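Let me begin by presenting the structure, written as structure tokens, before commenting on it.
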Amino acid sequence: AIHLVNRARITTLIPAWMPSPEAWPLVTGVLQLVAGAALVMTLQTRFAARLVTAVFASWLPLVHAERITASPDLFEWTFALSAAALVGVTLVVAADDQTETGVGL
């Protein structure tokens, strides 16, 4: 929801070389909401977790690496490490044998 509510701010974080920076907050926000709903409703949860893992993991080289290199301040490291933590969490959910039944995480 943060990507949808704060689209203007999130757009400023998108690297200039990426096409249509104003569209990425909408795309990622909707993807996260749909995947979150699938996880909560236990519909295609393993696929949803893998999809979100790919989104979060893509942010590390596409967004955060360049920003940390340009300005290695606490703000950038916080967002990069948050993305890395989200990758870890979604990998655990995707790998959980009980994910598809809704019994696991």
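Annotations
- Those residues of region 80-97 which are open to solvent by less than 60 Å² (accessible area, probe 1.4 Å) and over 20 Å from I10 (Cβ atoms), in sequence order: G88, V93, A94, D96
- Test result for T53, in contact (Cβ under 8 Å) with a residue 40 or more places away in the chain, part of a helix (DSSP H, G or I) and among the hydroxyl-bearing types (S, T, Y): yes
- Residues that are of a type in the set (S, T, N, Q), open to solvent by less than 50 Å² (accessible area, probe 1.4 Å) and under 11 Å from the mean Cα position of the chain (by Cα), drawn from region 21-79: T28, T53, S58
- From L4, L26, residue being at pLDDT 90 or above and over 18 Å from V89 (Cα atoms): L26
- Taking region 2-50 as the range and being touching a Gly at 6+ places or on another chain (Cβ under 7 Å) and not in a helix (DSSP H, G or I) as the test, only T42 passes.
- Cβ-Cβ under 8 Å pairs, at least 6 apart or on other chains, region 71-96 side closer than 16 Å to G36 by Cα, far side among the charged types (D, E, K, R) and open to solvent by 70 Å² or more (accessible area, probe 1.4 Å): T90/R50; A94/R50
The values are calculated or read from the model by the stated rules, or taken from the named source; none is laboratory data. Worth saying up front: this structure is predicted, and the values here are computed from it rather than measured. Don't worry about glycine lacking a Cβ; one is built from the backbone with ideal geometry, like all the others, and counts go over all protein chains shown. Heads up: the accessible areas ignore ligands, DNA and RNA and are worked out on the full protein's heavy atoms, side chains in. Shrake-Rupley method; radii C 1.70, N 1.55, O 1.52, S 1.80 Å.
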